[in-house]
1. Taking the highest mean first, how do the peptides 148-154, 249-255 order by number of other beta carbon atoms within 10 angstrom per residue?
2. Distance between the C-alpha centers of region 123-139 and region 201-228? Whole Å please.
3. Once amide H atoms are built 1.01 Å from N in the peptide plane, which residues 5 or more positions from Arg148, or in another chain, come under 5 Å H to H?
4. Once the Cβ-Cβ distance between Val300 and Val84 is put in as r, and R0 is 51 Å, what FRET efficiency do you end up with, to the nearest 0.05?
5. Figure the gain on full extension for Leu179 and Leu41 (residue separation times 0.36 nm, minus the Cα-Cα span) and round it to one decimal in nm.
6. Between Ala290 and Leu235, what length in nm is gained on full extension when 0.36 nm per residue of separation is reduced by their alpha carbon distance?
7. Can you run the Rg to Rh ratio on region 36-96? Use alpha carbon positions and the Kirkwood inverse-distance Rh.
8. Could you rank the peptides 259-266, 82-89, 284-291 by their average count of other C-beta atoms within 10 Å per residue, with the highest value first?
Amino acid sequence: MKNSYPTKPSTIVQESSLSGGTAIHKDTTQQPQGNRFLVLLSLIALYFIWGSTYLGMRIALLGFPPFLMAAIRFLVAGGLLFLVLRLRGNPAPTRKQWLGAAIVGSLLLAGGNGGVAFAEQWVATGLAAVGIAAVPLWTALFAGLWGRWPTRIEWFGLGLGFVGVILLNLGNGVWANPLGAIALLLAPICWALGSAWSQHISLPSGLMSSSAEMLIGGGVLVIMSFGLRERTPNLAVSQSLWALAYLVVFGSLVAFSAYGYLLRYTRPALATSYAYVNPMVAVGLGVVLANERLTPLEVVAILITLTGVGLASLGNNRRGRWGKMMHTQPKQENRTTNE
């Protein structure tokens, strides 16, 4: 979820880090842009496929422990993608790029996705999706680590979003198990930190980045599974096997790669807009297919959280930091940091 896509010329403003500082310079050369149709398909994949993966994880957990389930998902998807890319002649990541992929993959997939899978043992799928909707809020804060602090409207959105998260965690559905609630609080923090950090470290180009991150993240999840002595999977539960296959093919190979495409060819505000839609899809599927119910307090918390996320993103858009929605270049490799 990237090479050889139709492109158009544009004039862009690029931001790069130099010796710990931030330098802005204009690049008037012709730069590749994302195909609008592919951008639309990628957004649809994130909105609906990732929205459905919360229910997919819940079903997969019927036969698999959480960290082992996530490990199998990403090792299989990452391994298949890596094999295909190498057969097509794509270069293997360098040592420095493997290190960058280890940082991002551990945060996004082991900490973020693994935390959600762990929480879904007790937390409803819709509430888990709302917890992850807090990712843009945390991302706005972590951006300050690289010198980009939130604007006033973003601060207001952050505050409102955190109020929603607090209200959500007051519900019995989230705190049915304290470990699950804590995992759901930490998961979006890990995902946001990994997303923000990925813009400032050396990573492989294109789909190879997704592949390397899934392989490293899957390996970390295996260590976590053995370290916690998770139970042996029950392969007799056929629906969990089908759910795991769905997560591998659609949740990882398709949607995660689409996320990488959007991060390269659109502004981050658009790439992370799935945070608005996923909770609605997850809540709807949970109510219809899993007989889940929401309390009035949880409904209010969902609305407040999503409103806060929207205001935070609106402040980001008004700043104009990321340029036009469909007309930004993919992140360029810093040749002085790659081997």
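1. Order by mean packing, descending: 249-255, 148-154.
2. For region 123-139 versus region 201-228, the Cα centre distance is 22 Å.
3. Sorted by chain and number, the residues that satisfy this come to none at all.
4. 0.65
5. This chain segment gains 46.0 nm when fully extended.
6. So the chain would gain 17.7 nm between Ala290 and Leu235.
7. So for region 36-96, dividing Rg by the Kirkwood Rh gives 1.09.
8. The packing order, highest mean first, is 259-266, 284-291, 82-89.
Only the coordinates and a few stated rules stand behind these numbers; no lab work does. Quick caveat, the model's predicted, so the values are computed rather than measured. Backbone-built Cβ (ideal geometry, glycine too); neighbour counts: all protein chains shown.
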